[in-house]
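Worksheet: one structure, shown below.
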Amino acid sequence: MSSFTVIVPTLNEEENIDRLLEQIFVVQKEKKLDLCVLFVDSDSADCTCEKIRRWEESHPVKLLCRDVNHGLACAVMEGAQHAETDFIVVMDADLSHPPKVIPQLIYPVLDGSYDMVVGSRYVKGGSMPDWPIRRKVSSKVATLPALMFCDIKDPLAGFFAVSRDLLTKLPGSIPGFKIGLAVLAENKGEIRVKEVPIEFKDRDQGESKMSNKVAVDYLRQLLQLTANKISGRIKRVKRR
């Protein structure tokens, strides 16, 4: 059995599959990583699944197909339920997350030094070279409310390593994209978290999944986290 699983949610990513896997397996070979890659596809209309199945024949790659798109966070949670390893790396399929950083994410989790390691745009050494100033500012603004629920600089990056249990034990459904934020908020102050710098690059191929719906889902998640926080405080007061 592999030491860890790389979970990659997909939706119409046929143009990125080959390049992503080529880069992952270059890193695997160089660092002698014991990994498998699990794609969780949300009913892609293009040839994403066909491309993944070709890799299944010769590499430790698996495909989990879903008939309905319930969002990236739900895809990751379903992937964690099907993973056969105790440790997980979550990353996007569009090459915005650099595969070369996978060892820096997973080693501290595998050796027990940390419970979660996040690829961060906002720690020293992190960057977003393709982004104009306006987009960088809007990203920072969007991050601010998330900081109420966690203690790291980049809770929205979406590229992280974690123990499988922290994903499978999340309560209920998570709207939208921000599964990492859900883990951080649910376990604030109870897990050891580290951030490592990444160069976050825009996709070269395929269409962005960002939309008004994604923004609404993020707001829903913030409201859900706020409600959970208030509920927790009320319970603690009653116990007193």
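Looking only at residues in the stretch 93-124 that are among the aromatic types (Phe, Trp, Tyr) and touching a residue at least 24 places away in the same chain (Cβ under 8 Å), which one is nearest to Gly189 (Cα to Cα)? Walk me through how you get there before you give the answer.
Keep residues of the stretch 93-124 that are among the aromatic types (Phe, Trp, Tyr), which gives 107, 114, 122.
Filter once more, keeping what is touching a residue at least 24 places away in the same chain (Cβ under 8 Å): 114, 122.
Working: Tyr114: 13, Tyr122: 20 Å.
Checking each candidate, the answer is Tyr114.
Does at least one position in the stretch 18-31 carry a residue that is buried (at least 20 other Cβ atoms within 10 Å of the Cβ), of a type in the set (Lys, Arg) and over 27 Å from Pro171 (Cα atoms)?
First, the residues of the stretch 18-31 that are buried (at least 20 other Cβ atoms within 10 Å of the Cβ): 20-21, 24, 28.
Next, only the ones that are of a type in the set (Lys, Arg) stay: none.
Checking the stretch 18-31: not a single residue is buried (at least 20 other Cβ atoms within 10 Å of the Cβ), of a type in the set (Lys, Arg) and over 27 Å from Pro171 (Cα atoms).
Can you tell me which residue in the stretch 197-218 is modelled with the highest pLDDT, limited to those that are in a loop (DSSP other than H, G, I, E, B) and farther than 26 Å from Val123 by Cα?
Applying the first criterion (in a loop (DSSP other than H, G, I, E, B)) to the stretch 197-218 yields 198, 200-211.
Narrowing further to those that are farther than 26 Å from Val123 by Cα: 205-207, 211.
Values: Gln205: 60, Gly206: 51, Glu207: 56, Ser211: 51.
So, considering only residues that are in a loop (DSSP other than H, G, I, E, B) and farther than 26 Å from Val123 by Cα, the one modelled with the highest pLDDT is Gln205.
For the stretch 27-53, which residues satisfy the criterion of being under 23 Å from Glu84 (Cβ atoms) and hydroxyl-bearing (Ser, Thr, Tyr)? Outline the logic, then answer.
Taking the stretch 27-53 first, the residues under 23 Å from Glu84 (Cβ atoms) are 27-29, 31-42, 48-49, 51-53.
If the condition is that a residue be under 23 Å from Glu84 (Cβ atoms) and hydroxyl-bearing (Ser, Thr, Tyr), then Ser42, Thr48 are the ones that fit.
Which pairs do you get when a residue that is of a type in the set (Phe, Trp, Tyr), found in the stretch 22-33, comes within reach of a residue that is outside any helix (DSSP H, G or I), reach meaning Cβ atoms under 8 angstrom, with the pair 6+ apart or on two chains?
Phe25/His59
Among the residues of the stretch 168-194, what is the count of those that are among the small types (Gly, Ala, Ser) and modelled with pLDDT of 80 or more?
Residues in the stretch 168-194 being among the small types (Gly, Ala, Ser) and modelled with pLDDT of 80 or more: 4 in total.
I'm trying to understand the selection: among the residues of the stretch 125-176, which are touching a residue at least 60 places away in the same chain (Cβ under 8 Å), touching a Lys or Arg at 6+ places or on another chain (Cβ under 9 Å) and exposed (fewer than 12 other Cβ atoms within 10 Å of the Cβ)?
Pro129
What residue, of Val68, Val61, Val76, is under 17 Å from the mean Cα position of the chain (by Cα) and either β-branched (Val, Ile, Thr) or within 23 Å of Val26 (Cα to Cα) (or both)?
On the way: Val68 fails: under 17 Å from the mean Cα position of the chain (by Cα); Val61 fails: under 17 Å from the mean Cα position of the chain (by Cα).
Selected residue: Val76, the only one of Val68, Val61, Val76 that is under 17 Å from the mean Cα position of the chain (by Cα) and either β-branched (Val, Ile, Thr) or within 23 Å of Val26 (Cα to Cα) (or both).
Return only the number of the condition from (1) over 22 Å from Ala182 (Cα atoms); (2) within 15 Å of the chain's Cα centre (by Cα); (3) in a loop (DSSP other than H, G, I, E, B) that Glu13 does not satisfy.
(2)
Just checking, does the stretch 221-230 include any residue being part of a loop (DSSP other than H, G, I, E, B), at pLDDT 65 or above and either touching a Pro at 6+ places or on another chain (Cβ under 7 Å) or under 22 Å from His82 (Cβ atoms) (or both)? I'd like the intermediate steps shown before the answer.
Let us first name the residues in the stretch 221-230 that are part of a loop (DSSP other than H, G, I, E, B), namely none.
So far as the stretch 221-230 goes, no, none of its residues is part of a loop (DSSP other than H, G, I, E, B), at pLDDT 65 or above and either touching a Pro at 6+ places or on another chain (Cβ under 7 Å) or under 22 Å from His82 (Cβ atoms) (or both).
Looking only at helices (runs of 4 or more DSSP H) that lie completely in the stretch 42-150, which have at least 1 residues being at pLDDT below 95, of a type outside the set (Ser, Thr, Tyr) and in contact with a helix residue (DSSP H, G or I) (Cβ under 6 Å, 6 or more places away or on another chain)?
Details: elements: 48-56, 72-82, 102-110, 133-143.
Correct list: 72-82.
The values are calculated or read from the model by the stated rules, or taken from the named source; none is laboratory data. Keep in mind that this is a model prediction, so the values were computed, not measured. Neighbour counts are summed over all protein chains in view; Cβ atoms, including those assigned to glycine, are modelled from backbone coordinates with ideal geometry.
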